[in-house]
Amino acid sequence: MSRKKGVIFSYILMMVEIISSLLYTPLVIRSLGKQEYGVYSWVMSITAYLYLLDLGIGNSIVKFAAQYRIQGRQEKQRGFVGIITCYYLIVAVVLIGIGVLVSNNFSLILDKGFNDKELKIVKQLFWVMIFNAAATLFFGAYQKILLAYEKFVLSKWLDIFKVILRMILGILALYTGKNSYGMVVANLCVTIVIGIISFEKVVFNLKIIPSIKHIEANFVKEIVGFSNGVLLQGVATQLNSMVDQVLIGVIVPGASVILAVYGTGILIPQYIQNIAVNVNGVLMPGIVRMIEERRDVSYIEREMIRVSRILFMMLAVIGIVFGVFGKLFIKLWVGDGYEDAFWVAIIIMIPRIIICSEEIGSQILWAIEKHKLQGFLKLSIAIANVGLSILLIKWKPLLGATLATALVLILGDILVMNFVFKRYIGISVKRYSLGIIENIWKCLGITFVVGNLIKGHMPSTWLGFIVGCTIMISVYIITMWKFGLNEYEKELAGTFLQKLRISH
């Protein structure tokens, strides 16, 4: 029951994140202007690399904490939390050292991409984000423990509160003239507040007191061994998702304007990813339990198809609707001058939908500790992506960066993922892939055709956009119910609707 409520709250969180971002982003862009927003986007991308100091430990927390809870090994649990607490305190010190080193060399690194005024903003934002990264990593460990103990509702409530509070304080910062600096300070304050609440719940409610007594070397080795494989994938993911923005800032003269357009475009695929993360985060403890119970390959394959289908049918319709009305949306949302953001969004969105739909496979690999090969292969492709990105950015900065990202997502996160799924989980990739899209592709095709037929008859206004999207989604829902959903999915949908009626 807790997991089902967690999924529902994941959907609520997802909607809160998307709606708040849709309302907040155009306000940020208009308040900051293209140049400062471009600088803000660049600093966000460069500080994302700081989170690699997590070294994959963060992903191991849910896995090990859930495992020790299921096994009833309380002392082992306390020792595990003690290790990660000490580790993240060390990380905080290292982050400050990195901040000193990097900030002193910004003038040399960014002499081509940014002017003196923009460099000053970069340094201000960077330091605040250093402290935010330290707080996020440290307190994030305790929120993952809440997930491991299947406190899904509490965890999601904290996330929802974080999103809303961050938006409110950010708007106040913009209206009081604090601009991007005020926004990142507000974000830091919210991170600390939510983090303290998570810490209190773990220590005082769950009674998990961190301990560093009697820590065995083999225990630390087990954690590090698991985390190293996750780290490889983390490095690959960060290289793939952020390297283009970093390189644009370093290579391209007057980079801030191009970064503003690129940063706007990649927000849409990020919404797709957030949806998948919220759902998959709830599933991880259940996956650990499934592996602990030694389920056979056929059972695991069926569960993978079930979860992936639900994610795919949710995400793919967003892609289809955006493909038809995306240009209009970008214009209405952020105004003129950002038209090319549509192409950034749609090119990256297509592979991202497939990747997010198959994310359960990666979680199973983590649970069975067979994720290292996947990490090595993805990292190799990500490193090659740096060279490819440099060449394509020099050719055409915006389009080149977008194509490089999409290509590496296809190679590193789709082809490699499916190869590793087959080798280590033992599933049939063909059966898995066809099982995901079975009948859904027909509904998507019909929806796309209907969307293009009505597009020319819709006014270029918010009302026209909303009406057009509503018609497309209605067509999709009807066709899915008629011949897209299987019996299990219809039963699931019926149960959900029945619960909604009862709750009202």
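The values are calculated or read from the model by the stated rules, or taken from the named source; none is laboratory data. Given the structure is predicted, the values throughout are model-derived calculations rather than measurements. Backbone-built Cβ (ideal geometry, glycine too); neighbour counts: all protein chains shown. Side chains included, ligands, DNA and RNA excluded: accessible areas come from the protein's heavy atoms. Shrake-Rupley method; radii C 1.70, N 1.55, O 1.52, S 1.80 Å.
Assess whether residue 319 counts as being in a helix (DSSP H, G or I), modelled with pLDDT of 90 or more, open to solvent by 20 Å² or more (accessible area, probe 1.4 Å) and within 30 Å of residue 489 (Cβ to Cβ).
On the way: in a helix (DSSP H, G or I): yes; modelled with pLDDT of 90 or more: yes; open to solvent by 20 Å² or more (accessible area, probe 1.4 Å): no; within 30 Å of residue 489 (Cβ to Cβ): yes.
No.
Can you pull out the helices (runs of 4 or more DSSP H) entirely within the range 406-459 that have at least 1 residues that are free of Cβ contacts under 8 Å to residues at least 24 places away in the same chain?
Values: elements: 416-420, 429-437, 440-455.
Where helices (runs of 4 or more DSSP H) fall fully within the range 406-459 and carry at least 1 residues being free of Cβ contacts under 8 Å to residues at least 24 places away in the same chain, they are 429-437, 440-455.
How many of the residues making up the range 174-204 are farther than 20 Å from residue 135 by Cβ, of a type outside the set (A, V, I, L, M, F, W, C) and touching a Leu at 6+ places or on another chain (Cβ under 9 Å)?
Total satisfying the criteria: 1.
Every residue, every condition in (1) closer than 30 Å to residue 411 by Cα; (2) open to solvent by 50 Å² or more (accessible area, probe 1.4 Å); (3) modelled with pLDDT of 75 or more, yes or no:
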| residue | (1), (2), (3) |
| --- | --- |
| 166 | no, yes, yes |
| 192 | no, yes, yes |
| 217 | no, yes, no |
| 224 | yes, yes, no |
| 227 | yes, no, no |
| 234 | yes, no, no |
| 251 | yes, no, yes |
| 259 | yes, no, yes |
| 266 | yes, no, yes |
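Does residue 361 qualify as being closer than 30 Å to residue 479 by Cβ, open to solvent by less than 10 Å² (accessible area, probe 1.4 Å) and not hydrophobic (A, V, I, L, M, F, W, C)?
On the way: closer than 30 Å to residue 479 by Cβ: yes; open to solvent by less than 10 Å² (accessible area, probe 1.4 Å): yes; not hydrophobic (A, V, I, L, M, F, W, C): yes.
So residue 361 passes the test.
Only one of (1) within 30 Å of residue 339 (Cα to Cα); (2) at pLDDT 75 or above; (3) open to solvent by 60 Å² or more (accessible area, probe 1.4 Å) is not met by residue 37, so which one is it?
Result: residue 37 fails condition (3) only.
Look at residue 375 and say whether it is of a type outside the set (A, V, I, L, M, F, W, C), open to solvent by less than 50 Å² (accessible area, probe 1.4 Å) and modelled with pLDDT under 90. I'd like the intermediate steps shown before the answer.
Values: of a type outside the set (A, V, I, L, M, F, W, C): yes; open to solvent by less than 50 Å² (accessible area, probe 1.4 Å): yes; modelled with pLDDT under 90: yes.
Considered against the rule, which asks whether it is of a type outside the set (A, V, I, L, M, F, W, C), open to solvent by less than 50 Å² (accessible area, probe 1.4 Å) and modelled with pLDDT under 90, residue 375 comes out as yes.
Kindly check whether there is at least one residue in the range 280-291 that is over 19 Å from residue 311 (Cβ atoms), at pLDDT 65 or above and more than 21 Å from the chain's Cα centre (by Cα).
No; the residues of the range 280-291 include none that is over 19 Å from residue 311 (Cβ atoms), at pLDDT 65 or above and more than 21 Å from the chain's Cα centre (by Cα).
Hey, any hits in the range 127-141 for a residue that's within 29 Å of residue 393 (Cα to Cα) and open to solvent by 50 Å² or more (accessible area, probe 1.4 Å)?
Yes - at least one qualifying residue is present in the range 127-141.
Go through (1) in a helix (DSSP H, G or I); (2) surrounded by fewer than 19 Cβ atoms within 10 Å (Cβ to Cβ); (3) in contact (Cβ under 8 Å) with a residue 24 or more places away in the chain one by one and return the number of the condition residue 391 breaks.
Result: residue 391 passes all but (3).
Could you give every pair whose Cβ atoms fall below 6 Å, whose first residue belongs to the range 257-270 and is closer than 17 Å to residue 17 by Cα, and whose second residue is open to solvent by 20 Å² or more (accessible area, probe 1.4 Å) and not hydroxyl-bearing (Ser, Thr, Tyr), counting only separations of at least 6 or pairs across chains?
So the pair list comes out as 269/352.
Taking helices (runs of 4 or more DSSP H) that fall entirely within the range 105-204, which contain at least 2 residues that are more than 21 Å from residue 24 (Cβ to Cβ) and either in contact with an Asp or Glu (Cβ under 8 Å, 6 or more places away or on another chain) or of a type in the set (Val, Ile, Thr) (or both)?
116-148, 179-200
Which pairs do you get when a residue that is of a type in the set (Lys, Arg), found in the range 29-53, comes within reach of a residue that is open to solvent by less than 20 Å² (accessible area, probe 1.4 Å) and in a helix (DSSP H, G or I), reach meaning Cβ atoms under 6 angstrom, with the pair 6+ apart or on two chains?
Final answer for the pair search is 34/260.
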